[in-house]
Structures are given as structure tokens and as C-alpha cells.
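**Q** Encoded as C-alpha cells, here's the structure I'll be asking about.
The values are calculated or read from the model by the stated rules, or taken from the named source; none is laboratory data. Bear in mind that the values here come from a model prediction, so they are computed numbers and not experimental data. Don't worry about glycine lacking a Cβ; one is built from the backbone with ideal geometry, like all the others, and counts go over all protein chains shown. Note: areas computed on protein heavy atoms with side chains; ligands, DNA, RNA excluded. Shrake-Rupley method; radii C 1.70, N 1.55, O 1.52, S 1.80 Å.
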Amino acid sequence: MKQTALNFLYKYGALLVILFVLLYFSYAVPYFFTYDNLTDILRSISIVAIVAIGVTFSLIVDGFDLSVGSTVSLTTVLTASLMVWYEQPLAIVIFAALLAGAMIGLLNAFLIVKVGIPDLLATLSMLYVIGGVQKTYTQGYSVYNKMPLPDGTTAPGVLSPSFLWLGQGKLFGVPVPVLILILLVVGVHLLLKYTRFGRMLHMIGSNQEAARLSGIPIYSMRTWAYVFSGLFAALGGILFAARVGSGQMDAGAPLLMESVAAVFVGYSVLGAGKPNVIGTFFGAVLIGILLNGLTMLNLPYYAFDIVKGLVLILALAVTYLHVRRKKRT
Amino acid sequence: MALLEVRNLSKTFAGSPGVIDVNLSIQSGEIHALIGANGAGKSTLMKLLSGAYQGDQGEIYLNGQRVVIENPVHGKELGIHCVYQEVDTALVPSLTVGENLFLDCLPLIINWKTLFREAEEVLQKLNFPLDPKRKIDSLTLVEKQMVLLAKAFMQNAKIMIFDEPTAPLSGPETKILLQQICNLKEKGVGIIFISHRLQEVFALCDTLSVLRNGQLVLNRSVSATSPEVVVEAMFGEKRADGFVKKTASVGDPLLQANHLSDGGRVKDVTFQLRKGEILGIAGLVGAGKTELARLLFAASPRQQGDILWEGNPMYFSSPKQAIEAGFALVPEERRGEGLFVNESIRANLTLPILKTIAPWGWIRRQKEREHGQKIVDALSIKASHLEFPVERLSGGNQQKVVIGKWVGSDTKVLLLDEPTKGIDVQAKKELFYLLEELVAQGISIVYFTSEMDELAAISDTIYILYKGHITKKLGKEEMDPQTILYYASGGTNQDETDSA
């Protein structure tokens, strides 16, 4: 009896929590359950969720990527500066940002896979390196339209309307970043679940040595996981710049924590017990609802980190308690 | 009066015999060998003496006084010490020899001079050539074992039990260790020496006991017996559980391995494998079986030697390329290296053939299920459905999954490393029938094991691996467990020339 109850909670607990939080805020905050606010929530979580998809990749191969927040920061200012300072066309801007993300992923993979530094330590170092590169590149300033440059002139370019549309526009009444997110969730879900590529990533995460002895090229597959992590972080950075209409300093710093929390909440969605992209999506939804609702309840923003931290602890507790329980039986 | 006496000691486990009605006595300054095949009850007896297990019946006497050993700590207090193979877990690598010797009784403030002086004295008394100021992690394996011996001696060990201490050691190291054990003997310590290497036993020990299925079948002074008698006592008339291999037709030479070395355990190994043959590689723990299997599969780098496939040299440097060439490895560490325990039976079984069921990378679910089901049926893997997590399968069924993974892919040479480890008798039998079927399909098998009775039952040819070298080749007519074990434990060719 107790066992079935626990299993039920493990399987549906995360979704029940989301439902409960949703009901609570709808009851406590009159404006909460409206179409506008709900799309707002989805819009605000879309960036976290996209970054979290990247984190999902690294966790699937039993790795970790702490550098995603810094990558978001760097690609945000990179995108903005390419338009504002150098007046580059949109295609080049987006390509350059994605390339930067992929290169960071390659570098992470080199340190972890080739040099053999433990993933947490390698990406922790990279977190600071990338953050420093970002600040050095912008000399500590945020990048915005017509900003004054150090030589006294004004910046020549602006963030183009078509670029801003990516972050602020709507299509069929749905915010564009939400559409992008949904496409990515579906696409990555299919990739991970139904392709050879996805299967190989999962098997490496399950048992790396057995995967190697089964003929899976573990080094290149793990490299791909980190490249995907960097790519999704870069995409998050692009959308961030488009959403706020400027390249803010350290824009991605809070995203690391939120995306990691989203992935771990996702472990327990429908009892998956491992990183999965649908779970990650719901994890991001939970965090988005909490932050939105608490804002409306006038909780001061500086207390948000407490909530985020507690959500992560709860998600980790559920995951690891389940692992321990499984080991004992 | 005997130093240690065991009377009518029994300990049974559900399903396995454990130890039944054992009588044993050991004098001070005696080295007593404890011998038996795998599962004969050696480690159970050892655990009973050290206090890790409690006997169901029987008594243990120390110096004529009856003792009840409650746990290993209590056992040590009484003077019974065990030296396990894994010496590293018992020592602190970053500390010096001296500190490790006194680790259990370090005072709050250490007087380094006294500590090292006292350590020096102990080592000198035992004639151990060790500097007490050296760090443990700079020591060789045999030197670490010496530290453990010295530590036990310091703590007034009266009885010391060695569990295959020489298995991981090289030839010269073995000599050193045996010398040190003799030194302990001279100090009046009673020693129980568990080993498979009969050569050592006959050189070192005074008396010996042979266990078979938990019972003491031979207890004699070493001078009154011979390796042949001991080996016969170990196996009795037992063969591999009634399995009789059909005579299969072995085909042409397929694979020729020449002078393989991995720079470590494997030394200059040469053998030939024919099509549809079951080739046994017999070796004791530490002989280099796993290393040789990994070397053939390119899971560890090859230092020297070459492999010819139907006369043509083969080049491969990763398991991936080895698989493409037709090799498959079923590793000894099933959970660590063979299985994906959190995944389903289906995902485990179809991993090597993903390419064929996933054109353009998209896995055809229907095809995948069909393939999985086909293997489950062919190997009669007992599970309610294909999505069942392999974690919850029995050992035998797990092993079938690991082997099944390679059935239906293009495997031509199947390397099996201790495939019957941890699986029950029935599963073992089923495994043998499966292997027989595989060779009938033209697959060649290399079977690495220390279970000599299995080899005798199933092999077409046997090569003996002893300390990394192939020391002997046995044909079908010379195969009985006794002979195999005799050579695998370092026996020489002498009586072969007698019989020839």
C-alpha cells in the first residue's frame, strides 16, 4: 500500500505540484489565470526552457554543463553588439552566435573528454572564462541602440525589428519564442527517443564502459552532447537579446540555476527517473509559474533565489530518494 | 595442544552447502594450505574463523579454550587476522609505512622519532626490507602486503589467514612474499594459506586440507600427498553438471594470434582458433584471462604481436573496429561492463544492430521489437515482456541478455570471459546448450575461465594460461578437470613426458 502510494507520487508528484501551484495562484491572484498572463508565463519560461534542453543533453550522457549561463550572457551581448556596433545582417548575427555556442561546447568537450577533467570542474572554470570574455568584449557595458561609444561617437546600428520580432512578436496569437520552444521540445524529444543518435546518448549515460564495449563511439557522442548544450545556450542568448531589445551584462547568470532546476524537476515527471526533454519542459513551466505568481503576490525579487533553491532541493530529494529506494529493493 | 582447533563446524545457506561438519587443527608455527574449487566453501570457512559469519553448529578452540568469535574486530582481538587480496583498502596510501603500522593506536600527539624507531624494530624483527618513512603509494603490491603482515604481527596475531595472496603478484614478488610468510612462521604464528597454485602449496606448506562442496575431503601432511591426489580430491568424480557436449565438426583455421603482449599481464600469447570451435583458455585468478580477452577485443591497447584472419593481418584499435571485424566480448564484470541495467531488455539487445534497424538514423520500432523478441525466444530469456528492465532479471537471464546482444549481429568470434560467474546450475546448463547451438551456426568461441570442469565439458581445445604465458595446449583426449587444473596451477610437463 505504502509502496504503491510512493510510486504514484513519484510518477505524478511533479505534475500534481504544478497543478496545485496553478490552482493556488488562480485563487489568490485574480489576474493570474488569464490568457495574457498565461502566454506571458510561457514567454518568460521559453528562454530558460531552451537553455534547460541543452543541459538535458549533457546530463543524458552522465555529464554536466555549468557554463550555460555564461554562454547565454556572451551570446546575448555578441548578438546585440554585432547589430549595434557592426551593423551586420540578421543571418550573420544569428549564425555567429550559434557558432560561438558550438565552439564553447567543443572546448568543454575537449577539456572533459580528451583532457579528462571532471565535468563539473571543467565547466565551472569555463563559466568564469566565458563570463570574463563577455565583460572584456563589452568593456563592462551593456549594449543598446545608439549607445555612446568610448571614442565619443554614437553606435551606428540598431537591433532590427525583424530580430526583435523573434523575442517579442506573435504568430497566430502565440508568442514567437513559445512557438520556437514547442518546436524544439517536439524535435528534441523525437531525436532522443526515436533515433539511433538519441539511443546512443542514452546508452552512454546508462553505462559508459558497456557502451564502449558495444562499439559506440563514446568520445564523439559525448562531444556532441556538449556541443548541443552550447548551441541551445546560444539560442537562449539570441532570444534574450531579442526579448529585452539590448545586450545586457550577465544576462544569463540566473539561468544556470533555473535551467538545472528545470531538468531535475523533469526527472520525476511521469516517473522517468532520468533526464528527458518533456520533463524538462514541465520543470521550466513549474519554475515560471512560481516566479510569476510570487511576483504578483508582491514577493520581493531578491527572495526569488530562495524559492528557486528550494525547488531544486525538492526535485533532487525526490530523484535521489527514489534511487536509494530502488537500490534497497 | 593445538593453537587453533575447529570441531564439527557447519554453516549452511539457503541453496548452497557452505561448510559442513569441518574438523581442523593448526599448530603454532604451522603453514596449513586450504584448497578447493570455486564455491567449495573456502571463503565461508575463512569468514567463520574471522568472525564475519557465525556457525550453525560446531566449536572453535584457541589454545584449548572454547571461543565464540562475534565479529571480525573481536576475531582480531583474539589474534585471528585475515589478509585479503585487496590490500589497498586496508592501508592509507598518503601516509608512511610507520604511520600505517600504528594507525589503530596513534596517540594524540605523535612522537615521530619513537614511531619510526618502533616501526623499524618491528620490520627488522621480521626481516622485512622496508623503510618505515616511505609512503604507502610508492610501494609495490608485495611491499604493501608486507606492511599488512607486519601490522598483524604487531597486534599479536596468532593465526593469519591468507586469501590467495599470490594471485596478483609476479614471479619474483611471489618469492618475496612466501619468504616473509616463512618468517612469520618462525615467530610461531599459525598460518592458513588459501591458494589455487599447488606448486606454491607444496613448496611452502606443512599440511593441507581440501574442501569439496563444503566438506573436508582430504587432510594430510604435505609430504604424504602429491599434486595429483590433491587435484583428484578437489573434483572427485564431478563433471559439469551432466552436460555432455555433442561432437561438433570443427572447420578450417580462422584466427591466428601471434606473440600478443599488452605490456602488463599478457605475455607473448600465441594460439590458433578454428571455425566453429570452442577454444578454452584456462587460467587461475590473476593469470591474465580478462586482460587477454580485452586485448583481443582492442578494449586495451596491444603492445606487441599480430592477429591474422584467415591468413590476412587484421588491424583494429578500438572495440568499434573489433566489432566490425566480427568480434564480440562478453565481459567478466557483467553489471559494470556488459549490461545497461537501467534500460529495457529491448534496448540492451538491439544496441549492436541499431544501424540495420535505423536507416537514416530513424529507429523502426516495429523492426526493433521483432528483433528483440526473436532473441528472447531463441535464448528463452525469462521475462514478462520486452520492456522489462534488465536490472530485475536473474543472473542467468542477465547473462543471456549480454550474449543475446551479439546473436543476430554479424558476430564470428565470441569472446566469453567467466560467463558462468554468479549464475545457477540450471542457467549454466542452458548456457552450454546455447553455445553449442552458436558453434553449429559457424560461430567460433573463445571461453576464458578458471572453472576447469566447465572447460573439460565444453571445449574442443584448451590452452593453459599461467602468469600471462600460454604454457600448454590440451587436446580433446587429455581434458579432465584434474589435468587442466594441474597445469593451470603451474604444474610442469614432467608427467607428460612420462606418459608419452
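**Q** On full extension of the chain, what length is gained from B:Ser384 through B:Glu77, given 0.36 nm per residue of separation minus the C-alpha to C-alpha distance?
**A** Numbers: separation 307, 0.36 × 307 = 110.52 nm, distance 5.15 nm.
Extra length from B:Ser384 to B:Glu77 when fully extended: 105.4 nm.
**Q** GNM on chain A, C-alpha springs below 10 Å: top fluctuator among A:Leu190, A:Leu106, A:Leu179?
**A** Answer for the Gaussian network model of chain A: A:Leu190.
**Q** Another question, if that's okay. Compute, for B:Asp480, the solvent-accessible surface of its heavy atoms (probe 1.4 Å) with the complete set of protein chains present, and express it in square angstrom to the nearest 10.
**A** 40 Å²
**Q** Could you give the size of the charge dipole of the protein assembly as shown about its Cα centre, using +1 on the Cβ of each K and R and -1 on the Cβ of each D and E, expressed in debye and rounded to the nearest 20? Show your work: numbers first, answer last.
**A** Values: 74 positive and 72 negative charges, 418 e Å.
Magnitude of the dipole: close to 2000 debye.
**Q** Of A:Leu99, A:Val48, A:Thr138, which is farthest on the positive side of the dipole of region A:36-171, counting Cα position, with +1 on Lys and Arg Cβ, -1 on Asp and Glu Cβ, and the Cα centre as origin?
**A** In region A:36-171, that residue is A:Thr138.
**Q** Right, something else. So which trypsin sites (Lys or Arg not before Pro) in region B:261-364 pass both tests, a DSSP loop state and at most 15 other Cβ atoms within 10 Å of the Cβ?
**A** B:Arg364
**Q** Based only on the alpha carbon positions, what is the Kirkwood hydrodynamic radius of region A:90-217, in angstrom?
**A** 18.8 Å
**Q** Given a Förster distance of 35 Å, report the FRET efficiency between B:Glu59 and B:Glu333 from their Cβ-Cβ distance, rounded to the nearest 0.05.
**A** 0.35
**Q** Loop-only check: which trypsin sites (Lys or Arg not before Pro) in region A:145-248 are DSSP coil with at most 13 other Cβ within 10 angstrom?
**A** Answer in residue order: A:Lys146.
**Q** Just give the residues from region A:207-235 buried by at least 50 square angstrom of accessible area in the all-chains context relative to the isolated chain, probe 1.4 Å, and say none if nothing qualifies.
**A** Buried by 50 Å² or more upon assembly, which counts only protein chains, are A:Asn207, A:Arg212, A:Leu213, A:Ser214.
**Q** Figure the gain on full extension for A:Tyr27 and A:Leu164 (residue separation times 0.36 nm, minus the Cα-Cα span) and round it to one decimal in nm. Don't skip to the answer; put the middle values down first.
**A** Values: separation 137, 0.36 × 137 = 49.32 nm, distance 3.44 nm.
Gain on stretching A:Tyr27 to A:Leu164: 45.9 nm.
**Q** Now for a separate question. Provide the descending list of Cα extents for chain A along its principal axes, expressed in whole angstroms.
**A** Computed over the Cα atoms, the extents are 72, 56, 35 Å.
**Q** Angle, helix B:141-154 long axis vs. longest principal axis of chain B, Cα atoms, 0 to 90°, nearest 10?
**A** The answer is roughly 30 degrees.
**Q** Which residues make up the longest stretch of chain B that has no GluC sites (Glu not before Pro) in a DSSP loop with at most 13 other Cβ atoms within 10 Å?
**A** B:87-236
**Q** Determine the per residue accessible area of region A:144-242 with all protein chains present and a 1.4 angstrom probe, expressed in square angstrom.
**A** 40 Å²
**Q** What's the FRET efficiency of B:Asp410 with B:Lys473 using the Cβ-Cβ distance as r and R₀ = 30 Å, to the nearest 0.05?
**A** The pair B:Asp410/B:Lys473 has a calculated efficiency of 0.55.
**Q** Also, I was wondering about something else. Between B:Asn127 and B:Ser221, what's the calculated FRET efficiency when r is the beta-carbon distance and R0 is 22 Å? Round to 0.05.
**A** On the way: r = 26 Å, r/R0 = 1.20.
Once the sixth-power term is evaluated, E becomes 0.25.
**Q** Related question: Once you have the alpha carbon radius of gyration of region B:90-140, what is it after dividing by 2.2 N^0.38 Å, with N set to its residue count? Display every interim value, and only then the final one.
**A** Details: Rg = 10.5 Å, N = 51, 2.2 N^0.38 = 9.8 Å.
It is 1.07.
**Q** Taking the Cα centre as origin and putting +1 on Lys and Arg beta-carbons and -1 on Asp and Glu beta-carbons, what dipole magnitude results for region B:4-235, to the nearest 20 debye?
**A** 200 debye
**Q** A drop of at least 20 square angstrom in accessible area, chain alone versus all protein chains together, probe 1.4 Å. Which residues of region B:306-321 meet that?
**A** Buried by 20 Å² or more upon assembly, which counts only protein chains, are B:Pro319, B:Lys320.
**Q** Mind checking the dipole of region A:81-203: about its Cα centre, +1 per Lys or Arg Cβ, -1 per Asp or Glu Cβ, Debye to the nearest 20?
**A** 440 debye
**Q** Rounded to whole Hz and in sequence order, give me ³J(HN,Hα) for region B:348-363 from the Karplus expression 6.51 cos²θ - 1.76 cosθ + 1.60, θ = phi - 60°, writing x for Gly and Pro.
**A** Result, rounded to whole Hz: 5, 6, 9, 4, x, 10, 3, 4, 6, 9, 10, x, 6, x, 8, 6.
**Q** For the protein assembly as shown, what is the percent of antiparallel DSSP beta bridges, rounded to the nearest 5?
**A** So the antiparallel bridges amount to about 55 percent of the total.
**Q** Another question about this same structure. Out of all Cα-Cα pairs in region B:1-136, roughly what percent, to the nearest whole number, are more than 20 Å apart?
**A** Pairs farther apart than 20 Å: 58 percent.
**Q** Let me ask something additional. For B:Thr461, what residues show an amide H to amide H distance below 5 Å, using hydrogens built from the backbone and excluding near sequence neighbours?
**A** B:Ile278, B:Gly280
**Q** Oh, and also: Need one number for the protein assembly as shown: average projected area of the convex hull over its C-alpha atoms, nm².
**A** Values: hull surface 179.6 nm².
For the protein assembly as shown, averaging the hull's shadow over all directions gives 44.9 nm².
**Q** Where in chain A are the DSSP H helices whose C-alpha atoms run 30 Å or more along the long axis and whose mean Kyte hydropathy is at least -0.5?
**A** Working: long enough: A:2-28 (34 Å, 1.16); A:35-60 (34 Å, 1.42); A:218-244 (39 Å, 1.19); A:304-328 (36 Å, 0.68).
Result, helices passing both filters: A:2-28, A:35-60, A:218-244, A:304-328.
**Q** Please report, in whole Å³, the volume per residue of the convex hull around the C-alpha atoms of region B:4-235.
**A** Taking only Cα atoms, region B:4-235 has a hull volume of 125 Å³ per residue.
**Q** Sticking with this one: Simple spin-label model, 7 Å along Cα-to-Cβ: A:Asp36 to A:Leu106 in nm?
**A** A separation of 4.7 nm, rounded to one decimal place.
**Q** At 222 nm, what helix-only mean residue ellipticity would chain A give, in deg cm²/dmol to the nearest 500, using -39500 (n - 2.57) for each DSSP H run of four or more?
**A** That comes out to -25000 deg cm²/dmol.
**Q** Report, to the nearest 10°, how far helix B:171-186 tilts away from the longest principal axis of the Cα atoms in chain B, using its own Cα long axis and a range of 0 to 90°.
**A** Helix B:171-186 sits at roughly 30 degrees to that axis.
**Q** Then there's this: Leaving out same-chain residues fewer than 8 places away, which lysines sit with a Cα under 20 Å from that of B:Lys374?
**A** Reachable lysines: B:Lys355, B:Lys382, B:Lys400, B:Lys405, B:Lys412.
**Q** How much length, in nm to one decimal, is gained on full extension between A:Leu124 and A:Thr136, taken as 0.36 nm per residue of separation minus their Cα-Cα distance? Before the final figure, lay out the partial values.
**A** Numbers: separation 12, 0.36 × 12 = 4.32 nm, distance 1.86 nm.
Fully extending the segment from A:Leu124 to A:Thr136 adds 2.5 nm.
**Q** For region B:4-235, which whole-number percentage of the solvent-accessible area (1.4 Å probe, protein heavy atoms only) is attributable to carbon and sulfur atoms?
**A** Solvent-exposed carbon and sulfur of region B:4-235 make up 50 percent of the total.
**Q** Next up: In the protein assembly as shown, if the dipole is taken from +1 on Lys/Arg beta carbons and -1 on Asp/Glu beta carbons about the Cα centre, which of B:Ala167, A:Leu159, A:Leu191 is farthest to the positive end?
**A** Toward the positive end, the furthest listed residue is A:Leu159.
**Q** Among B:Leu339, B:Ala293, B:Ile191, whose Cα sits farthest toward the positive end of the charge dipole of chain B (+1 at Cβ of Lys/Arg, -1 at Cβ of Asp/Glu, about the Cα centre)?
**A** Of the options given, the answer is B:Leu339.
**Q** If you wrap a convex hull around the Cα atoms of chain B, how much volume per residue is inside, in Å³?
**A** In chain B, the Cα convex hull volume per residue is 176 Å³.
**Q** Report the B-A buried area as the accessible area lost on both sides summed, probe 1.4 Å, in Å² to the nearest 100.
**A** Working: alone 22660 and 16040 Å², together 36480 Å².
When B and A are taken together, about 2200 Å² of accessible area is lost.
**Q** Angle, helix B:425-440 long axis vs. longest principal axis of chain B, Cα atoms, 0 to 90°, nearest 10?
**A** The angle comes out at about 40 degrees.
**Q** How many percent of DSSP beta bridges within chain B run antiparallel, rounded to 5?
**A** Around 55 percent of the beta bridges assigned by DSSP in chain B are antiparallel ones.
**Q** For chain B, what is the mean residue ellipticity at 222 nm derived from helices alone (per DSSP H run of n ≥ 4: -39500 (n - 2.57); sum divided by total residues; nearest 500 deg cm²/dmol)? Don't skip to the end; give the middle numbers.
**A** Values: 18 runs with 166 residues, N = 500.
Taking each H run of at least 4 residues, the total per residue is -9500 deg cm²/dmol.
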